[in-house]
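The values are calculated or read from the model by the stated rules, or taken from the named source; none is laboratory data. In this text the structure is predicted, and so the values were computed from the model without any measurement. Quick reminder, even Gly has a Cβ in these numbers, built from the backbone with ideal geometry, and neighbours come from all protein chains shown. Accessible surface is based on the protein model in full, side chains and every heavy atom, while ligands, DNA and RNA are left aside. Shrake-Rupley method; radii C 1.70, N 1.55, O 1.52, S 1.80 Å.
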Amino acid sequence: MSVLVTSLALGSLYCLIAVVLVLHFKVSGFLNIGVLGYIALAPYLVASFTSEHSSIFIFLAVCLGIMFFISLLSFVIDFGLFKPISRLSSAMKVIVSISVLFITLTFIDIIWPSGANLETPVGTKSISIFSIDLLLIDAITLFVAFIVVFGLFFILSKTIMGNRLLAFAQDQQTARAYGVSPLYVKFLISVFTGVMASLAGILLASPGSPRVGVTSVIFYSLIALSPVIIARHSDLLICFISSFLVAFVQIFSSANINSINEGFHGIVSNFGLSTAITLGPTFADRFVPFAIALLALIIIPSRWIRDDANG
Amino acid sequence: METAMSDEPLDKAVELVETPRETQEQERRGIGFALKGVEVSYSGVQALKNISFEISSGERVGIIGNNGAGKSTLCDVISGLIKPNVGKVTYAQADATRKSAIWRAQKGMRRVFQHPVYFEDLSIVENVMIGSPPSRGDGIVSSLLFPRLFYKEQRETAIRIMEYCNIAENDNHSGVNLPYATKKRIELARALMGNPKILVLDEPAAAMDEEERAQYCQVVIDYVETFSTTLIVVEHDVEVIKTLCKRAIALDAGEIIADGEVIPVLRNDKVIDLYLGKRV
Ligand SMILES: Nc1ncnc2c1ncn2[C@@H]1O[C@H](COP(=O)(O)OP(=O)(O)OP(=O)(O)O)[C@@H](O)[C@H]1O
Ligand SMILES: [Mg+2]
């Protein structure tokens, strides 16, 4: 049961991150890895402005301020700094965005040389719902991530502004001729990025399982690339589903790592061999998510996934 | 829907709006524009050479010419998707040469593309709604705070315009399976959604059958007559030009070879040569 709850919570965070990446892809035509830098940055910022004694209101106010700041940052970096290189190929842009990520991480290292410690008003309290004990932070994560993701789906499919965004994502020329301003769309994407990236970063870094503090946020957000790969970076629904799939298999295999090891050794000895290799946490956290992604690339026919981005 | 061609005018366009007809006509009245010495070249190929003409408010002009004559490029210049290398564009006497397509769309410029664009993530009604005028209370901040403020109202308008444009398909149709002619009609509805003051149609009737074409023309003529919209039609079919336009401009290899009333232009020697393909 706890495996299920933890993987739902983690999956909803992957979903937040993956959806941001997909939105950026839809509008700018390349996978903007630099966005992961904001996710890493958010918890450091929150940790600097709050302490374990901060009241919940101050904590929420700081979070809001940081969402605003990251929206601005995304607008300036993703749509301002990337403008001069708009003529480069999308492969080059991905490489540039990776450098942006590393520059952000270096900044974090310079400003917070000894790391940071994020204390939330929630802490590691747990609650019991229907006689199931779960961490309060897991419940909050699930709640917040679901609201945000469904809010986004609602905006995209049921509002004029969201429809304009989707239209712009498919055909910028035509959308412009109907008066959809690129600035409007880029502003929207920045706001979504600010809200979703900050939330993902803060919730990932909050104390509680399986998260282990601010330093591992960037690592977990890299795993969110796996659902992006499965969704061929353009299908939001597949992105949504595969986030949970990846999280579940990841949490499941790390919880059952001993039996997986036994099985592995059993298979090896069937061939009359013996091995000293023991599969550790790396297997669950690094190998499994991307193995799923690669497998999905092979077995899901690409015609199931509409690639409607125009580079 | 039964008979495509009836002699009486539709005159249904007025029903599209609730406000008194007079104010609507005032607000929507077409605007004129002019091109002066416009040249456009694509990396070496000169698509438009020294194009100058003036179109007054409410005028209906057809543009004819061979494949590759530069008709679509001309539409791009008018709608602002391409900025001319040389020359000047004015909208209602104001210089618009460097103004963006968005600025022009806000001024009431609407365009139907040669190859219809259907936004596949959206339903038919939503596709039409994309054309709604961008300035109406849906600025960035207000649309974030009240995302559904004008939704219902605009949806109703869109449905009325779809009926007006004879779009019978309902929301359950997926965009992929729509017939070409329907996509063309959706484009027209999307353009009309924006209360156009200048309406540019790039080969609207291509790939339509006789009946569909007549129906389409009737809708367009009804609309532009009701609101005195300025109309530009690019078309290979001479009948469509004769029905919709009073004036014609003939293009050949990026140059204007004839400009004037429709019939004299069509009888022009150069134009006849062009259409009969006698030209070398
Ligand atoms: N994006 C482009 N890049 C390079 N050349 C182009 C481009 N678009 C058009 N051209 C060239 O410019 C010239 C004019 O093209 P345009 O599309 O305006 O012609 P057209 O009159 O609309 O033709 P058609 O009847 O086929 O639609 C053609 O020679 C075409 O090859
Ligand atoms: Mg053309």
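For the protein assembly as shown, DSSP calls about 60 percent of its internal beta bridges antiparallel. Build a GNM of chain A with springs between Cα atoms under 10 Å apart, and of A:Phe30, A:Phe264, A:Phe82 the one that fluctuates most is A:Phe264. Shown is the FRET efficiency for B:Ile272 and A:Arg87, computed with R0 = 51 Å from the Cβ-Cβ distance and rounded to the nearest 0.05: 0.70. Summary value for the stretch A:2-304: 32 percent relative contact order, contacts being C-alpha pairs under 8 angstrom separated by 6+ residues. Taking every Cα-Cα distance in the stretch A:2-304 and sorting them into 20 Å bins from zero, the calculated P(r) comes out as 32, 56, 12, 0 percent.
When the other protein chains are added to the chain by itself, burial of at least 40 square angstrom of heavy-atom accessible area (probe 1.4 Å, ligands and nucleic acids ignored) affects these residues of the stretch A:157-171: A:Lys158, A:Ile160, A:Met161, A:Asn163, A:Arg164, A:Leu166, A:Ala167, A:Gln170.
Approximating the spin labels as points 7 Å out from Cα along Cα→Cβ, the A:Val268-to-A:Ile132 distance works out to 3.6 nm. Of the solvent-accessible surface of the stretch A:2-304, computed with a 1.4 Å probe and all protein chains present, 72% belongs to carbon and sulfur.
Using R₀ = 22 Å, calculate the FRET efficiency as 1/(1 + (r/R₀)^6) where r is the Cβ-Cβ separation of A:Ala291 and A:Ser2; round to 0.05. Let's see the in-between values first.
Numbers: r = 24 Å, r/R0 = 1.08.
Between A:Ala291 and A:Ser2 the formula returns 0.40.
Computed from the alpha carbon positions, the gyration tensor of the stretch B:30-276 leads to an equivalent ellipsoid with semi-axes of 30, 22, 16 Å, biggest first.
Among the protein heavy atoms of the stretch B:30-276, carbon and sulfur supply 50% of the accessible surface, probe 1.4 Å, non-protein parts ignored.
Summing -39500 (n - 2.57) over the DSSP H runs of n ≥ 4 in the protein assembly as shown and dividing by its residue number, what mean residue ellipticity at 222 nm do you reach, to the nearest 500 deg cm²/dmol? Mind dumping the intermediate values first?
Values: 24 runs with 308 residues, N = 591.
The per-residue figure over the protein assembly as shown is -16500 deg cm²/dmol.
How much FRET efficiency would the formula 1/(1 + (r/R0)^6) give for B:Phe146 and B:Trp103, where r is the Cβ-Cβ distance and R0 is 35 Å, rounded to 0.05?
Numbers: r = 25 Å, r/R0 = 0.72.
Efficiency for this residue pair is about 0.90.
Counting only heavy atoms of the protein chains, get the accessible area per residue of chain A (1.4 Å probe) and round it to a whole Å² value. I get 45 Å² per residue for chain A. Take each residue of peptide B:187-196, count the partner chain Cβ atoms within 10 Å of its Cβ, and average: the result is 1. Cα centroid separation, the stretch B:30-104 to the stretch A:73-96: 31 Å.
Not counting ligands, DNA or RNA, and with a 1.4 Å probe, what is B:Cys217's accessible surface area in Å² rounded to the nearest 10? Estimated to the nearest 10 Å², B:Cys217 gives 10 Å².
Springs between alpha-carbon pairs under 10 angstrom, Gaussian network model over chain A: which of A:Gly213, A:Gly151, A:Gly162 fluctuates most? In this elastic network of chain A, the residue with the biggest mean-square fluctuation among A:Gly213, A:Gly151, A:Gly162 is A:Gly151.
As a ratio to 2.2 N^0.38 Å, the alpha-carbon radius of gyration for the protein assembly as shown is 1.17.
For the stretch B:30-276, report the accessible area per residue in Å² (1.4 Å probe, heavy atoms, rounded to an integer). Please report the intermediate quantities before stating the final value.
Values: 9780 Å² over 247 residues.
Per-residue accessible area for the stretch B:30-276 comes out at 40 Å².
Around the amide H of B:Val233, modelled in the peptide plane, lie the amide H atoms of B:Val61, B:Gly62, B:Ile63, B:Leu201, all under 5 Å away and 5 or more residues distant in sequence or on another chain. In this simple spin-label approximation, B:Gln93 and A:Val76 carry label points 7 Å from Cα along the Cα→Cβ vector, and these lie 4.4 nm apart. Extending 7 Å from Cα along the Cβ direction at B:Asp209 and again at B:Glu255 yields two label points whose distance is 4.3 nm.
Keeping all protein chains in position, work out how much accessible area B:Lys242 exposes to a 1.4 Å probe, and write it in Å² to the nearest 10. B:Lys242 has an accessible surface of roughly 100 Å² with all protein chains in place. A straight chain from A:Ile257 to A:Ile299 at 0.36 nm per residue would run longer than the Cα-Cα distance by 12.6 nm. Using a 1.4 angstrom probe on protein heavy atoms only, the contact between B and A buries about 2800 square angstrom of accessible area, both sides summed.
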